[in-house]
Amino acid sequence: MPELPEVEVSRLGIAPHLEGQTISRVIVRDARLRWPVPETIQQASGSEILAVNRRAKYLLIQLSNQAVIVLHLGMSGKLRVLPATTPPVKHDHIDIVLANGICLRLNDPRRFGACLYQQPGDAPSKLLANLGPEPLTEDFDAQRLITLSKGKQVAVKNFIMDNAVVVGVGNIYANEALFMSGIDPRRKAGRVSAKRYEVLTEAIKQVLAKAIRQGGTTLKDFTQSDGNPGYFAQSLNVYGRTGEPCLTCETPIKSVVIGQRNTFYCPTCQS
DNA sequence: CGAAACACCTGTGGGC
DNA sequence: TGCCCACAGGTGTTTC
């Protein structure tokens, strides 16, 4: 489900309901997520939620006891804010129940998501250790792409989807940013000019920012935390449009598999 | 070492 | 209508 815009939209949706509230208990109906949900998460009970932050596609719920609940939505995770009395449905794995009767509920059919509990004394999670810069900050710039791509044989599409290079660029927005930049996704990262990396950097920032403004991309099942869909799907130029005319030149959009992922591009506009 | 393949898991849509 | 296969927005691990 989520790339960075969808995670950010989720964060914006849930944060006002959580911040300043006290956790009364945590219900784990199924601990079998990507990693087992730790028993220690029960220690969150009684703590106040100070902030809901985001790093890459991880949501970080900062607690008054100095611990952090780390959530990742994987491919199919969804967060809803509901009355805690709402009967759970299939794949409603975790509830973070608040003292005011509201709960944050995680539903994740494929269970590729994660819910971890990081305490001050714990070894720092390796998950967050090797992440590149946030794409919407000035820490992410063209020079970084130019420097890191030197000599790289990997396809430029895989390069910008590498979380060590820049975080948050998933399959949809990698395809869209490369279309906006006129770059063939199959081109080797080391064979993209500095000038084009300047354009690509701005395209990544623009496409992610616009997607956040539009509430994310709803393809099959993404919904904002209020249950409404995102509206970015209607802005997609190439993703999922195999055989349909390029919106610039009317050439049929092509698809190829790169790095196990479906990849869409215009053979005329991108080189 | 870098690059590619594999793994995890369930639901859905298309073709027959 | 039903069955089977292919595929899905992510990312850590294994293999070459």
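None of the figures in this text is laboratory data; all of them are computed from the coordinates on show. Since the structure is predicted, the reported quantities are computational estimates derived from the model, not experimental observations. Ideal geometry is used to build each Cβ from the backbone, glycine not excepted, and the neighbour counts take in all protein chains shown.
Taking 16 Å as the straight-line reach from the Cα of A:Lys126, the lysines in range (excluding those fewer than 8 positions away in the same chain) are A:Lys57. For A:Lys195, the aspartates and glutamates whose Cα falls under 14 Å of its own Cα, not counting residues fewer than eight places away in the same chain, are A:Asp141. In percent, rounded to a whole number, the relative contact order of segment A:142-265 is 23, using alpha-carbon pairs under 8 Å and six or more apart. A DSSP coil position with no more than 15 other Cβ atoms inside 10 Å describes the following GluC sites (Glu not before Pro) in segment A:1-109: A:Glu19. Applying the criteria of a DSSP loop state and at most 14 other Cβ atoms within 10 Å to the trypsin sites (Lys or Arg not before Pro) of segment A:129-217 yields A:Lys150. Normalised by the number of residues in chain A, the average gap of Cα pairs under 8 Å and 6 or more apart makes the relative contact order 18 percent.
Checking the a/c ratio against 1.5 first, then a/b against b/c, what shape does the Cα gyration tensor give for chain A? Since a/c reaches 1.5 and a/b is larger than b/c, the shape of chain A is classed as prolate. In this structure, the pairs whose alpha-carbon distance is over 26 Å, taken from A:Lys157/A:Lys254; A:Lys78/A:Lys152; A:Lys78/A:Lys205, are A:Lys78/A:Lys152.
When you filter the GluC sites (Glu not before Pro) in segment A:193-258 for DSSP loop state and at most 10 other Cβ atoms inside 10 Å of their Cβ, you are left with A:Glu250.
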